[in-house]
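Heads up: the structure comes next, in structure tokens.
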């Protein structure tokens, strides 16, 4: 590929010799300037600002390797400068980027001694410093990320360079054509995957699995139908961590994909947690695995995380912006700006157009959107959620009904999203005395996912972020909650009232099955569903009235379970928009859309949303099936 020499020439002309820039490198979607005098560029930031405005590319300052202190010297220097009350728990050095991550219990405002700032620290040590709050419990996914990055320095340097060369090469054609291929989650929920193609680019949006499917043709994205080679893909963009959007991603690396994955910073550890758990559960249950741990590590090494709102080049003719989707921590609405303003696509992913205890509402402000691809999980006219106060009251009352009889309430939840929302509700109502006080047992993976939430406070709802940051009161880790692992599940199952939260949310494998097998036959207990149940899953069959089901026991043998306990669904905690919120979101977009494509919903729901958008807004709205190609521009 021919690099864009004009960009490099402009950089050289605009950087003064005093900066002592030793080399200029492509670094994925960024251009990195390596300097022996970082203080000069930090103190004269206008130089970089002017350069960015001129070349219209992201530029980062990196320190030349020759001025970096050793890890031992840097650690000693940091410990002497940071106040002891910050409580440093870990320092991770990323050799590839010349950055270090400083995990501290009280990030603070960090009052560094002797008036030292983080910029000063970077100049003194040669390492750019990032501050991260220490997770309340050890996070295996964060440690896996550190390990994967640390052991792949050379390959990551090569990956960044090759990715940058592909992004910043000169365009082959000035013509703009845009098409969409539907590979998963059209007229269904699960295995989200869409392919956006231009004359210059091939971009895959999401790469998930369908947990309720019974055969491979329905379980995984139809990449075979798209007839593309993995080498042809410019990148993969993951909207959020749930496996129906990210669960097939490591398989791409297993079979040779070597390109970048873009997502938000919280999505990487949450996605890693869920993908590694998938491998562990499949191994434990003896089922066939799509991929192994090594393939998950390849995802980590190729992942480029982005903050919300940052415009980023991802190919010669496409820019990407990720915006808050309000669904789970780090979930994104994907905005693709194609050509020089020729066409704009917004892919909603899973979104919540309304504030929750956990997250702010999905972003609706876009300068331009011609094509909107929108989910319709709750797209039927009757899918209107009750007021949040009613939802919480119903939730508390149905739990109290069971606890008062000394029964147990089993809440199957996805580890990420609904689990944390439910924990916030339980904590508040128990503190108020409105929810009968009883042990609340939280299965291990939920606790780790929750710990990741605490390390990414800037992505949480303002009120919650302020509460944790300013008061240091963490509603996720109070005296009401007890973290349990598989080795001490008997504690949760012993006689007496209790609430148990465990994965998976649809009863498709995971620790929840052991609790379900033990609790469902007993009349005084209750199974309480608070999240969406995909067709074909065990959870959906139980909600539809099944009184006897079979599950795989811990010994790998089939176990028949009689369902004698109550099964209840409380609507309203969903991280998806209901029908009214979907329509309201479309109404708020300006200027007027040219086209809406409805996906991620059962057939009648996609049909209803498409028909109503067409009728109300007089906009072309379609609800294609899987394996359709649509010309967008």
Exercise. Which numbered condition trips up residue 568, out of (1) exposed (fewer than 14 other Cβ atoms within 10 Å of the Cβ); (2) touching a strand residue (DSSP E or B) at 6+ places or on another chain (Cβ under 8 Å); (3) not in a loop (DSSP other than H, G, I, E, B)?
Worked result: (1)
Seminar exercise, completed: When restricted to 131, 137, 228, 145, the only residue in contact with a helix residue (DSSP H, G or I) (Cβ under 6 Å, 6 or more places away or on another chain) and surrounded by fewer than 18 Cβ atoms within 10 Å (Cβ to Cβ) is 137
Exercise. In this structure, is residue 528 in contact (Cβ under 8 Å) with a residue 60 or more places away in the chain, buried (at least 16 other Cβ atoms within 10 Å of the Cβ) and assigned to a strand (DSSP E or B)?
Worked result: yes
Exercise. Do we find that residue 330 is closer than 18 Å to residue 590 by Cα, outside the structural domain of residue 462 (by TED's automatic domain parsing) and not in a strand (DSSP E or B) in this structure?
Worked result: no
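Go through region 175-218 and give me each residue that's out of contact with any strand residue (DSSP E or B) (no Cβ under 7 Å at 6 or more places or on another chain) and surrounded by fewer than 19 Cβ atoms within 10 Å (Cβ to Cβ).
Matches in region 175-218: 175, 177, 199, 213, 214, 215, 216, 217, 218.
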Exercise. Quick check: is even one residue across region 47-67 at pLDDT 90 or above, more than 28 Å from residue 312 (Cα to Cα) and not in a strand (DSSP E or B)?
Worked result: yes
For this session: Looking at (1) over 15 Å from the mean Cα position of the chain (by Cα); (2) surrounded by 17 or more Cβ atoms within 10 Å (Cβ to Cβ); (3) outside any helix (DSSP H, G or I), find the lone condition where residue 288 falls short.
Result: (2)
Exercise. Within region 495-508, which residues are more than 21 Å from the chain's Cα centre (by Cα) and surrounded by fewer than 24 Cβ atoms within 10 Å (Cβ to Cβ)?
Worked result: 495, 496, 497, 498
Problem set entry | Those residues of region 70-87 which are surrounded by fewer than 16 Cβ atoms within 10 Å (Cβ to Cβ) and touching a residue at least 12 places away in the same chain (Cβ under 8 Å), in sequence order | 71, 73, 80, 83, 85, 87
Problem set entry | Criterion violated by residue 535 - all others in (1) surrounded by 16 or more Cβ atoms within 10 Å (Cβ to Cβ); (2) modelled with pLDDT under 90; (3) out of contact with any strand residue (DSSP E or B) (no Cβ under 8 Å at 6 or more places or on another chain); (4) in a loop (DSSP other than H, G, I, E, B) satisfied | (1)
Seminar exercise, completed: Per the filter on region 1-23, residues closer than 25 Å to residue 124 by Cα and out of contact with any strand residue (DSSP E or B) (no Cβ under 6 Å at 6 or more places or on another chain) are 16, 17, 18
Seminar exercise, completed: Residues of region 101-128 being over 15 Å from residue 67 (Cα atoms) and at pLDDT 85 or above, in sequence order, are 101, 102, 103, 104, 105
Exercise. On the given criteria, is residue 30 modelled with pLDDT of 90 or more, buried (at least 17 other Cβ atoms within 10 Å of the Cβ) and in contact with a strand residue (DSSP E or B) (Cβ under 6 Å, 6 or more places away or on another chain)?
Worked result: yes
For this session: Go through region 113-208 and tell me which strands (runs of 3 or more DSSP E), entirely inside it, have 3 or more residues that are under 25 Å from residue 452 (Cα atoms).
Result: 128-133
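Restrict the check to region 239-249 and report whether at least one residue is part of a strand (DSSP E or B) and either out of contact with any strand residue (DSSP E or B) (no Cβ under 9 Å at 6 or more places or on another chain) or within 23 Å of residue 309 (Cα to Cα) (or both).
No, that holds for no residue.
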Exercise. In region 250-278, how many residues are crowded, with 18+ Cβ neighbours inside 10 Å and part of a helix (DSSP H, G or I)?
Worked result: 16
Exercise. Does residue 61 fit the bill of being assigned by TED's automatic domain parsing to the domain that holds residue 9 and within 32 Å of the chain's Cα centre (by Cα)?
Worked result: yes
Problem set entry | So residue 596, is it touching a residue at least 60 places away in the same chain (Cβ under 8 Å), within 16 Å of residue 506 (Cα to Cα) and either part of a strand (DSSP E or B) or in contact with a helix residue (DSSP H, G or I) (Cβ under 6 Å, 6 or more places away or on another chain) (or both) | no
Exercise. Among the listed residues 422, 436, 452, which satisfies the condition of being part of a loop (DSSP other than H, G, I, E, B) and either in the same structural domain as residue 265 (by TED's automatic domain parsing) or farther than 22 Å from residue 490 by Cβ (or both)?
Worked result: 436
Exercise. What are the residue pairs meeting all of these: first residue in region 330-347, first residue on the phi < 0 side of the Ramachandran plot, second residue at pLDDT below 95 and surrounded by 23 or more Cβ atoms within 10 Å (Cβ to Cβ), Cβ atoms under 8 Å, and 6 or more apart or on different chains?
Worked result: 331/575
Exercise. If you check 35, 54, 96, which single one turns out to be farther than 23 Å from residue 131 by Cα and touching a helix residue (DSSP H, G or I) at 6+ places or on another chain (Cβ under 7 Å)?
Worked result: 54
Exercise. Picking from 411, 384, which residue would you name as being under 22 Å from residue 569 (Cβ atoms) and out of contact with any strand residue (DSSP E or B) (no Cβ under 8 Å at 6 or more places or on another chain)?
Worked result: 384
Exercise. Quick one: would you say residue 560 is under 27 Å from residue 531 (Cβ atoms), over 31 Å from the mean Cα position of the chain (by Cα) and touching a residue at least 12 places away in the same chain (Cβ under 8 Å)?
Worked result: yes
Exercise. Can you tell which of 413, 391, 425 is touching a residue at least 60 places away in the same chain (Cβ under 8 Å), touching a helix residue (DSSP H, G or I) at 6+ places or on another chain (Cβ under 7 Å) and surrounded by fewer than 24 Cβ atoms within 10 Å (Cβ to Cβ)?
Worked result: 425
For this session: Kindly check whether there is at least one residue in region 476-487 that is assigned to a helix (DSSP H, G or I), touching a residue at least 40 places away in the same chain (Cβ under 8 Å) and farther than 21 Å from residue 134 by Cα.
Result: yes
Problem set entry | Residues that are assigned to a helix (DSSP H, G or I) and without any contact (Cβ under 8 Å) to a residue 40 or more places away in the chain, drawn from region 20-42 | 40, 41
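The values are calculated or read from the model by the stated rules, or taken from the named source; none is laboratory data. Source: prediction; values computed, not measured. Positions of Cβ are backbone-derived with ideal geometry, glycine not excepted, and every protein chain shown enters the neighbour counts.
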